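Worksheet: one structure, shown below.
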Amino acid sequence: GLGFNIVGGTDQQYIANDSSIYVRCIKKDGAAYLDGRLQEGDKILAINGKDLKDLRHKDAVELFRNAGYYVSLKIQRRLQPQNGPVGHRGGGESGGLPLAAILVPGLALAATAVWILLRYRQRM
């Protein structure tokens, strides 16, 4: 195979109101993994020039199975991480800022505000 799994289709929408075909996972040491260009969460627009728009999942799978030895994919890279299944790699990465990057400056600001308030009260 090509070394990756797909999800989506008109009959099995992976994302609400979107019947596109997406890369669900890339198999380690498979063709897509070794090539390195395809990423989990990529939307696949076409395979070997064949548009994947408005296909049932099983029809898309059949196109991939019969793609041949040389495969050309037209993809759309996700522009930003999304909440939900797409973009989730299962490695414990949230995709956002680490909690410490928000808490530490916030706590420093709060401590400074308390210190200023106490100093102001002492002068009164």
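Of all residues in segment 65-84, those that are more than 15 Å from S20 (Cα to Cα) have Cβ atoms under 7 Å from Cβ atoms of residues that are at pLDDT below 90 and loosely packed, with under 13 Cβ neighbours inside 10 Å, 6 or more apart or on another chain, in P81/G95. Checking each residue of segment 35-49 against the condition of being among the basic types (K, R), surrounded by 15 or more Cβ atoms within 10 Å (Cβ to Cβ) and touching a residue at least 24 places away in the same chain (Cβ under 8 Å) gives at least one match.
Residue count for segment 50-61 satisfying the condition of being touching a residue at least 40 places away in the same chain (Cβ under 8 Å) and assigned to a loop (DSSP other than H, G, I, E, B): 3. Hey, any hits in segment 62-77 for a residue that's loosely packed, with under 11 Cβ neighbours inside 10 Å and either outside any loop (DSSP other than H, G, I, E, B) or of a type in the set (K, R) (or both)? Yes, segment 62-77 has at least one match.
Of all residues in segment 18-28, those that are part of a loop (DSSP other than H, G, I, E, B), within 22 Å of Y70 (Cα to Cα) and touching a residue at least 12 places away in the same chain (Cβ under 8 Å) total 1.
Tell me, please, whether a residue that is within 13 Å of F64 (Cβ to Cβ), in contact (Cβ under 8 Å) with a residue 24 or more places away in the chain and of a type in the set (G, A, S) can be found in segment 9-17. Yes.
The set of residues from segment 26-72 being among the polar types (S, T, N, Q) and closer than 14 Å to F4 by Cβ comprises just one member, Q39.
The values are calculated or read from the model by the stated rules, or taken from the named source; none is laboratory data. The model shown is predicted, which means the values in this text are computed figures rather than measured ones. Here the Cβ is made from the backbone with ideal geometry for all residues, glycine too, and neighbour counts use every protein chain on show.
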